[in-house]
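Some notes on the structure that comes next.
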Amino acid sequence: MIDPKQTHVTHQWKHDRPLIACRFDPQGRFVFTTSEDNSVQRWELGSGTKVVMKGHDSWPRSIAFTPDGGHVITGGADDLIWWPVATEKPEQVRRVVAHKGWIRTMSVSPDGKLLATGANDNLVKVWNITDGSLVKEFAGHGKDVYSTLFHAGGEFLLSGDLAGQVHQWEIASGKLVRKFDAKQLHTYNGGQRVDFGGVRTLSMSPDGKHLACGGLYKATNPLGSVHEPLVLVFEWESQKLVQSHVGEGLKGVVWRAIFHEEEFLCGTSGGTSGGFLLFWKTAEPKDFHRFKLPDLTRDLDIHPDRTQLATTHSDSHVRISRMTPKKS
Amino acid sequence: MKKCTYACGTEEHVISRRQFLGDVAASAGVVGGLGVLAGPASAAKLAKDQKRVIVVNMAGGLSQLESWDPKPQTDTGGPFRAISTSVPGMHICELLPETAKQMHHLAIVRSINTKENDHGKGGYAMFTGRRQTPAADYPRIGAVVAKALTPETSPLPGHIVISNGGSGGRSNDSAYLGPKYASISLGNGKPPQNTDLPKSITEASDQQRQAFRRKANDRFTLRRRTAFTDAYAANYEQGLELMKRREIFDLAKEPQADHDRYGKHDFGRHCLLARRLLENGITFVQVTHSNYDTHNENFNFHLEQLGEFDGPFARLVADLADRGMMESTLIVVMSEFGRTPRINNRYGRDHWGTAWSVCLGGGRLQRGAIIGKTNANGTAVADREVDHGHMFHTFMQAVGVDSTGSFDIEGRLMPVADPSSTPIGELLA
């Protein structure tokens, strides 16, 4: 039985260098992570056995999978790379020069045929996930694209940027349908003369009624990491802002937030307060439960079984937490 | 003996006004040094020979690893790659693609160790060439350059700081060189304060009141003349000349095509204004680009900041070269310190004065040179360690100022640069 208040760490495995992103493969056999040493790691969930995959010449920041679990795709400041998921020693099978700049986000369409990428060149691109060919390019963001998400219906693609703007694109026509204004997630600090924040994560509720946009606010000192986590929840149809989820007393940023079928939103906040898993109900702005992890978090994913969470940490660990009571 | 023209009547003041101004001009040079302004020269020759300096202050502490000394594929290197430049074998960070094309005009010093991790003290060291102590205050580079290189007869201020904000007044950064050499701040590129005629005063009435002032002044100085009254009078006349030439601060006079090339953001406008000021004979211009104090999300912020810096700076270098000004103009890109090779848990880099870089070029400097190096992952200087003292000497020598000389300040010799240090000889052509 899933109960966020019972969340506890079940496994932790350490790499040689700080970790960045994490994703479970669709079949739930592995968790993949990326590291500041430019490598990708595959961790077998049963044993914790690690396989290191080398090929990027910069930090990989994003991970996606073909739905059949055959391939994992990683994107960094250089290229997109396709790797086999389960072979003993995965070697890259395809490499695509995708963007001018850092690939920060990837997502896969509900039918598993398309891969969306967003990058520092302010562009969103959609690729044929099977052969890596470019299908469509979406231009219109004024700043770096930080997040992408396919709508469950498959008709639309969402992308969020540094300025706190979420664009809803019609995939077939390439037209911008509308924008969600999440500018609370953006700060321009005139003293430091920096833009900061942005839409770091997007998630749709399972019933399709709500869109969550996560990041940070109250950035009084962006360069000194004085800011607080925030998730804005919009009603999908009306675009009305219906909730602002905060992490009261915490300094940090919501790196990722994911709606769960059990009608809560799970997010991770990393920052000077440390690393936390935060759990919110849509009706309440404050988290109904928070679980402190041993170190700052940098990414979050949820296992296909919907009970396990993976988090990556600056102390080089990937941690697996379970939202069920501890086994005695 | 001639009769003293000053009211005190002392022998020391047996001097004509012309001689006085000449001496002031001479004292603007460097005693024991090259004395670049010691001899009389026509305005045209001065303009042709005049050396100039532009400092781009990367406020907060630019990361050397994301700029001039990349260490890709190491534990400290971060996510960015190194790219080749117009100098064979010289690589810089991929965040500077436009600047990379201009590196044949520039040089890099990669082995700076100031042993200073404090913003204020680090900035003081780099801008004065001395370590900050309670016992003494030293003039900033702009004041030194202004005193050493600005023709005394120039109606223009020699020390301009283009700031991101502020009201446009004088700063207190010239120490014993006196307020004449203190920086005038151009707040967000606006002209100096009080250099336009008040709307309530017509040109004719202004001429009348200036004539009255001169008449009253002349009458006063007949019996009460001192060095101070002469200086006051000279300052007034210099101020009037500055008002006449106010349009050199007017960026709108630059072609629209150049506005488009440099960009509409503040740093682009400030670089274009710097070019205009240098072309019009301002000796020292400082432009600030802010902010690089990236304890948090260093890579995002360097991506953002250097993305703004790269184009305008590269265009400025290219334009100065195209206009034949590199021989006479020193370009320096520096900070108060660099940033730690270690990446902290918030993707940040912290203060680091131990092994970092400055980019510079023009004047007597060798083009395309790389001085010194750091170890494989940038945690220490591996060769040719230098500090702020060496850098300051080198800045001075690059524009023909004998950094081993002294300023004569009311009879007291004040060294131009720290006498215990030396220039980086191999960087000077």
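Taking the criterion of being of a type in the set (A, V, I, L, M) and at pLDDT 95 or above, the residues of the stretch A:61-95 that qualify are A:Ile63, A:Ala64, A:Val72, A:Ile73, A:Leu80, A:Ile81, A:Val85, A:Ala86, A:Val93. With respect to the conditions (1) in contact (Cβ under 8 Å) with a residue 12 or more places away in the chain; (2) open to solvent by 60 Å² or more (accessible area, probe 1.4 Å), A:Ser47 falls short on a single one, namely (1). Tallying residues that are among the aliphatic types (A, V, I, L, M), away from every other protein chain (no Cβ under 14 Å) and open to solvent by 10 Å² or more (accessible area, probe 1.4 Å) within the stretch B:298-321 yields 2. Among residues of the stretch B:53-109 being hydrophobic (A, V, I, L, M, F, W, C), part of a loop (DSSP other than H, G, I, E, B) and farther than 26 Å from B:Leu277 by Cα, the one that is nearest to the other protein chains (Cβ to nearest Cβ) is B:Phe80. Can you name the strands (runs of 3 or more DSSP E) wholly within the stretch A:267-308 that have at least 2 residues being in contact with a strand residue (DSSP E or B) (Cβ under 9 Å, 6 or more places away or on another chain) and within 14 Å of B:Asn345 (Cα to Cα)? Result: A:274-280, A:297-302. Restricting A:Gly252, A:Gly191 to residues that are more than 20 Å from the chain's Cα centre (by Cα) and under 30 Å from B:Ala59 (Cβ atoms) narrows the list to A:Gly191.
The number of residues in the stretch B:85-139 being of a type outside the set (A, V, I, L, M, F, W, C) and more than 26 Å from B:Ser328 (Cα to Cα) comes to 18. Can you pull out every residue in the stretch A:87-109 that is in a loop (DSSP other than H, G, I, E, B), away from chain B (no Cβ under 14 Å) and surrounded by 14 or more Cβ atoms within 10 Å (Cβ to Cβ)? Of everything in the stretch A:87-109, those that are in a loop (DSSP other than H, G, I, E, B), away from chain B (no Cβ under 14 Å) and surrounded by 14 or more Cβ atoms within 10 Å (Cβ to Cβ) turn out to be A:Pro90, A:Gln92, A:Ala98, A:Ser109.
Among the numbered conditions (1) within 14 Å of another protein chain (Cβ to nearest Cβ); (2) touching a Phe, Trp or Tyr at 6+ places or on another chain (Cβ under 8 Å); (3) under 19 Å from A:Ala212 (Cβ atoms); (4) of a type in the set (Phe, Trp, Tyr), the only one that A:Trp169 does not meet is (1).
The values are calculated or read from the model by the stated rules, or taken from the named source; none is laboratory data. Values in this document were obtained by computation on a predicted structure and should not be read as measured data. Backbone-built Cβ (ideal geometry, glycine too); neighbour counts: all protein chains shown. These area figures cover heavy atoms from the full protein model, side chains too; ligands, DNA and RNA do not enter into them. Shrake-Rupley method; radii C 1.70, N 1.55, O 1.52, S 1.80 Å.
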